[in-house]
Amino acid sequence: MLKNVLALFYVALAWGSAFVLIKLNEETMGPLVIQAGRCTIGFLALLIISIVLKRDLKGHAKYWFAWLVFAVLGISFLWVMVGFGQEYITAGLATVMVTVSPLVTFIITVFILRTEKFSVLGVIGLILGVAGLVLVVGIHNILGGSSILIGALLIISGFSVFAINGIIAPRLASNTDPLASSTYYTGFATVILWVIAFIVEDPFKTHMTETNVVAEIVMGVFSFASGFVVYYWLLNRAGAFFSSMTFYLIPIVGIVGGFIVFREKITVSQVGGILIVFVGVYLINRAKFKKG
């Protein structure tokens, strides 16, 4: 049990810290170069791990279309939106937007695809989740159309598409090895992100400090590659219910990290909003949690 708990906190720390490091690098680097750089490092790390562990990379090549779709929806679009969104919003609040994924998943699977059963508690959870996000962003920011709202909407759109990817993924490539799969779609995403970076920004003019380089390496190796490997180890060992607790810890890591590194402020209403979002997400997934 101790190993499971340690792994849970490790993944939350790995994924949550990425938002803080992105914010750190945005002081001197463009958002697209940041994302393309960490994706490249993450891809190389996953490729090395896959080769060392002798995963069937050759056999997974036939799913190239699925990997391309995952690269666009699951990484490229999300990371571009997060990169630009964090120019307007704090690292701590950005991590709270992670909770949008289960809300969007509920809407699509219950009301559109109808693959999940309708439940009153689920709808209440959805309403609470949206209300909580409104409190986190701030009603005055929404009504006033501030830059914080712009940042929040960008990141929300990214995680909404990420949720769609989560629904599509099992249908396009079921019974595949997670490590080999991630190596492929991270490779595709690396190419896509660099193409976008060269179109929108000028990577050759990017001035990287030693801090930037270290942050990119940490995001690629620790936040992405190792976080992914440990998460799937935890998923296989402890199950989906226990592993899902990671997404409750990520905002906490982001908020604490944002305060320590940038002295980001957080209001009482934002704390209340975060707690309401957590309750909403729990109600949406209540049946699954009981099965866990």
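Based on this model, can you work out whether Ala163 counts as out of contact with any Lys or Arg (no Cβ under 6 Å at 6 or more places or on another chain), closer than 17 Å to Thr28 by Cα and surrounded by 18 or more Cβ atoms within 10 Å (Cβ to Cβ)? I'd like the intermediate steps shown before the answer.
Details: out of contact with any Lys or Arg (no Cβ under 6 Å at 6 or more places or on another chain): yes; closer than 17 Å to Thr28 by Cα: no; surrounded by 18 or more Cβ atoms within 10 Å (Cβ to Cβ): yes.
For Ala163, the condition - out of contact with any Lys or Arg (no Cβ under 6 Å at 6 or more places or on another chain), closer than 17 Å to Thr28 by Cα and surrounded by 18 or more Cβ atoms within 10 Å (Cβ to Cβ) - is not met.
Hey, among the residues in region 246-292 that are aliphatic (A, V, I, L, M) and under 18 Å from Phe106 (Cβ atoms), which one's modelled with the lowest pLDDT? My answer is Ala287.
Residue check, Phe19 against (1) over 19 Å from Val281 (Cβ atoms); (2) modelled with pLDDT of 95 or more, all met but one. Which one? It fails just one condition, (1). Here region 89-140 is the region considered, the condition is being of a type in the set (S, T, N, Q) and not in a loop (DSSP other than H, G, I, E, B), and the residue that is surrounded by the fewest Cβ atoms within 10 Å (Cβ to Cβ) is Thr109. When Thr105, Thr40 are checked against the criterion of being out of contact with any strand residue (DSSP E or B) (no Cβ under 9 Å at 6 or more places or on another chain) and modelled with pLDDT under 95, Thr105 stands alone in meeting it. Looking at Ala45, Ala18, just one residue is within 25 Å of Thr95 (Cα to Cα), touching a helix residue (DSSP H, G or I) at 6+ places or on another chain (Cβ under 6 Å), of a type in the set (A, V, I, L, M, F, W, C) and surrounded by fewer than 24 Cβ atoms within 10 Å (Cβ to Cβ), and that residue is Ala45.
Within region 1-55, the residues that satisfy the criterion of being farther than 19 Å from Ala71 by Cα, under 17 Å from the mean Cα position of the chain (by Cα) and of a type in the set (Val, Ile, Thr) are Val11, Val20, Ile22. Selection of first residues in region 158-171 that are more than 25 Å from Phe84 (Cα to Cα) and of second residues that are among the aromatic types (Phe, Trp, Tyr), restricted to Cβ pairs under 7 Å at least 6 apart or on distinct chains, gives the following pairs, ordered by first then second residue: Ala169/Phe70.
Among the numbered conditions (1) in contact with a Ser or Thr (Cβ under 9 Å, 6 or more places away or on another chain); (2) at pLDDT below 90; (3) not acidic (Asp, Glu), the only one that Lys117 does not meet is (1). Within the set Thr209, Thr186, Thr190, the sole residue that is among the hydroxyl-bearing types (Ser, Thr, Tyr), in contact with a Ser or Thr (Cβ under 7 Å, 6 or more places away or on another chain) and crowded, with 20+ Cβ neighbours inside 10 Å turns out to be Thr190. Within region 204-222, the set of residues being touching a Gly at 6+ places or on another chain (Cβ under 8 Å) and part of a helix (DSSP H, G or I) comprises Glu216, Met219, Gly220, Val221.
The values are calculated or read from the model by the stated rules, or taken from the named source; none is laboratory data. Everything quoted here is computed from the prediction, not taken from an experiment. We place every Cβ from the backbone using ideal geometry, glycine too, and count neighbours over all the protein chains shown.
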